[in-house]
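Colleague: The structure's right below; bear with me while I get my questions together.
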Amino acid sequence: PILGGETAEMSKVYNSECVDLIGCIIGIKNTKFFTNNITSGDLIINLPSNGPHTNGFTLLNNIINENTPRDIVDTLLTPHKCYINEIKEFINLFGYEVLHGMCHITGGGLHENLERVVKSNSFYINIDYNRFPEWCKYVSKVGYVSNEEMLKVFNCGYGFILIISKEIESKLSDFNYDYEIIGNIV
């Protein structure tokens, strides 16, 4: 099936004489893996992205030029990060029962992806949205892109979100990967 992003048109990326091969994984949620038992007080943990991953390249191609600092270009060209090792370690350390929800921040940005996991009519998502990495600050400034639009188009440094029970907050220092508590569920 063609589900969405697989039909993306990026004329500045794809050459007219070439074919782009796309692979994706489609599955169903295993309710034994996590219960999506999100409750008020749960913490929102960010496993940071290492760049824009797979989103916003049409906009980036209109902003980036020969004057763009090399470190920004390198970040923008960094391949998409895989979060499987972080998830496995989290589950090994703390178990399945404290992991109430999770989402990968892809097309649609932070808001749209979190709303798929958190029932917006039942809870308020309290997040600090002022933690943009340098590449986002650059793109926003040079491209005259508002913070609201940045959060819709890009992951803005939010790579993979875990929604976890507050009860393990004091144990999070045992987690050996880069993470940050960015908010909570109210």
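Colleague: Near the amide H of residue 157, under 5 Å away, which other amide H atoms are found, from residues 5 or more places off or on another chain, if H is placed in the peptide plane?
Modeller: 49
Colleague: Quick one: of 137/166; 88/166; 119/152, which pairs are farther than 24 Å apart, Cα to Cα?
Modeller: Listed pairs above 24 Å: 137/166.
Colleague: Within the set of other residues whose C-beta is less than 10 Å from the C-beta of residue 72, count the net charge using Lys and Arg as +1 and Asp and Glu as -1.
Modeller: Around residue 72, the surrounding residues sum to -1.
Colleague: Using a ≥ b ≥ c from the Cα gyration tensor of the stretch 42-86 (square roots of the eigenvalues), is it rounded, prolate or oblate, where a/c under 1.5 gives rounded and otherwise the larger of a/b and b/c decides, a/b for prolate?
Modeller: Since a/c reaches 1.5 and a/b is larger than b/c, the shape of the stretch 42-86 is classed as prolate.
Colleague: Going highest first, how would you order 112-119, 153-160, 62-69 by mean Cβ packing within 10 Å?
Modeller: Result, highest mean first: 153-160, 112-119, 62-69.
Just so you know, all these numbers are worked out from the coordinates, no wet-lab data involved. Just so it is clear, the model here is predicted, and its values are computed rather than measured. Ideal geometry is used to build each Cβ from the backbone, glycine not excepted, and the neighbour counts take in all protein chains shown.
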